Amino acid sequence: MTTLGVVVAMTLVAFEAIAVATVMPAVGVDLDGLGIYAWAFGAYVAAALVGMVTSGVWADRLGPRLPFTVGALIFGTGALLAGFAPTMEILIAARGLQGLGGGGLIVALYVLIARAYDESIRPRAFSVLSAAWVVPALAGPVVAGWVTETFTWRWAFWAVPLVMIWPLFALRAVLREHDGGERDQPAGARRVRSAVIAAVGLVLLQAALLRPGDLMLVIALALGVVGAVMLVPAVRVLLPRGALRLERGLPTTVMMRGFLAGCFFSAEAFLPLALVEQRGVSVTWAGLTLAVASAGWVAGSAWQSRLPGDADRARPVQWGTTMVALGLASLPLCLIPAFPTWICVVSWMVGALGMGVSFPSINVQTLRLSPQAEQGRNSSSLQISDAVVSALGLGVAGAIHATAVAAGGAQAATYVTIWLLAALGAAAAIFAARRMTPVLSVR
């Protein structure tokens, strides 16, 4: 029941994420919000930061049951409100509420895996977690695209609270079994405050990057400076000591999660939109690109699950990061008229294969280097790194896109620029991956 419940919960999160990525081009047109398109993703990520940290603090202090339950309820409520949103601004706010709940939900699941599974089988547990994306990845774009074209994109959000009941039911017993933790957590309140400050800093930075046409450059620069001043000190509190300096072992392991997420997901957010706008494909077909390529993620995750649970994961993450960089670098080929549009499936599958190898390996390495009393904190640190760098990546990509829209419309060069910048970031992360190996393991 533990494995089934975890898979169901992650399947729900995966379905929502893929469905939203599929329908967002239609949402942007329907709500006249293409100019602020990236905010629908950035708001989710910024709010998730607060949910992740709060969930990690609660999980270390009380166990994963409370943060999972609260996170699931908030996630479902946000989805319901997004479905009823009459304007793009209200949808963005609802997406932020979803992020708050989704961030807490995922951290609670990580802590549950750490407590319910022995170290030797955690790689397989995370492989199963990745496999939970299979059905949503294959069915999500088809269902979301068909529902959008036949009825309305709003059902991609309305369906979430309807199926949220099952994971709450399936996991209630095992969550109760793993209640309890280190109740003396004096740093917990400081971490939550830092998370709120970091989230506000992220929003200000994104506002500076995604500045609307009526926001003067001087004001945008001021917002960016204030956002950075708020963000950096707060993140230093939330991440393991030495993370921003890429110290060996756990600090770099946590940062690798952010590097990969920032590059991959900022590119993914604009892939369906680019195919719809530049190659004239349907929303359903664009979503299928994400669906078919997701098989690469599952294959990579399955491969890493065969590695010993106590093995150092620096080298597998290097291999995976290399594949991500190659996939992103070849993605612009899909916008060249001489090439068929399906060529993007090959590029995205290579990148997804690398993510499938890397993400579970980073998770395993983090828990391997974490004492039980810090599993919640370090699991939330993974998500924090993911959220912060993803938000910054989305901000940069969104700024490029918004500038093009304001100048008369995004062109193929707009998306090529976004994808090649992401590829450069992934290429740089290949060298950082070597520092995942702890100092004591270096010979």
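Spot the failing condition for Arg313; the list is (1) among the basic types (Lys, Arg); (2) more than 20 Å from Ser379 (Cβ to Cβ); (3) surrounded by 24 or more Cβ atoms within 10 Å (Cβ to Cβ), and only one is missed.
So Arg313 meets the others, but not (2).
Being farther than 22 Å from Tyr415 by Cα, in contact with a Gly (Cβ under 9 Å, 6 or more places away or on another chain) and either crowded, with 24+ Cβ neighbours inside 10 Å or at pLDDT below 90 (or both) is true for just one of Ser390, Ser358. Which residue is that?
Details: Ser390 fails: farther than 22 Å from Tyr415 by Cα.
Checking each option against the conditions leaves just Ser358.
Would you confirm whether or not segment 282-305 contains a residue that is in contact (Cβ under 8 Å) with a residue 12 or more places away in the chain, within 26 Å of Met24 (Cβ to Cβ), touching a Leu at 6+ places or on another chain (Cβ under 6 Å) and among the aliphatic types (A, V, I, L, M)?
Within segment 282-305, the first condition is being in contact (Cβ under 8 Å) with a residue 12 or more places away in the chain, and the residues that meet it are 282-305.
Okay, now just the ones that are also within 26 Å of Met24 (Cβ to Cβ), so 282-298, 300-301.
If we keep only those that are touching a Leu at 6+ places or on another chain (Cβ under 6 Å) as well, we get 286, 291, 296, 300.
Right, trim to among the aliphatic types (A, V, I, L, M) and you get 286, 291.
The answer is yes, given that some residue of segment 282-305 is in contact (Cβ under 8 Å) with a residue 12 or more places away in the chain, within 26 Å of Met24 (Cβ to Cβ), touching a Leu at 6+ places or on another chain (Cβ under 6 Å) and among the aliphatic types (A, V, I, L, M).
Output yes when any residue across segment 431-440 is surrounded by 23 or more Cβ atoms within 10 Å (Cβ to Cβ), at pLDDT 85 or above and of a type in the set (Ser, Thr, Tyr), and no when none is.
Of all residues in segment 431-440, those surrounded by 23 or more Cβ atoms within 10 Å (Cβ to Cβ) come to 433, 436.
Next, from what is left, pick out any that are at pLDDT 85 or above: 433, 436.
Pick out the ones that are also of a type in the set (Ser, Thr, Tyr) and you get none.
The answer is no; no qualifying residue exists.
May I ask you to say which residue of Ala311, Ala243, Ala295 is part of a helix (DSSP H, G or I) and among the small types (Gly, Ala, Ser)?
Just one listed residue meets the conditions, Ala295.
A quick yes/no check of all residues on (1) buried (at least 22 other Cβ atoms within 10 Å of the Cβ); (2) β-branched (Val, Ile, Thr); (3) over 14 Å from the mean Cα position of the chain (by Cα):
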{"position": "Met10", "(1), (2), (3)": "no, no, no"}
{"position": "Ala17", "(1), (2), (3)": "no, no, no"}
{"position": "Thr22", "(1), (2), (3)": "yes, yes, yes"}
{"position": "Val27", "(1), (2), (3)": "yes, yes, yes"}
{"position": "Ser55", "(1), (2), (3)": "yes, no, yes"}
{"position": "Leu91", "(1), (2), (3)": "yes, no, yes"}
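May I ask you to say which residue of Phe259, Phe265 is modelled with pLDDT under 90, within 20 Å of the chain's Cα centre (by Cα) and in a helix (DSSP H, G or I)?
Details: Phe259 fails: modelled with pLDDT under 90.
Criteria check complete, one pass: Phe265.
The values are calculated or read from the model by the stated rules, or taken from the named source; none is laboratory data. This structure is a prediction, so every number in the text was calculated from the model and none was measured. Methodologically, a virtual Cβ is constructed for each residue, glycine included, from the backbone with ideal geometry; neighbour enumeration extends over all protein chains shown.
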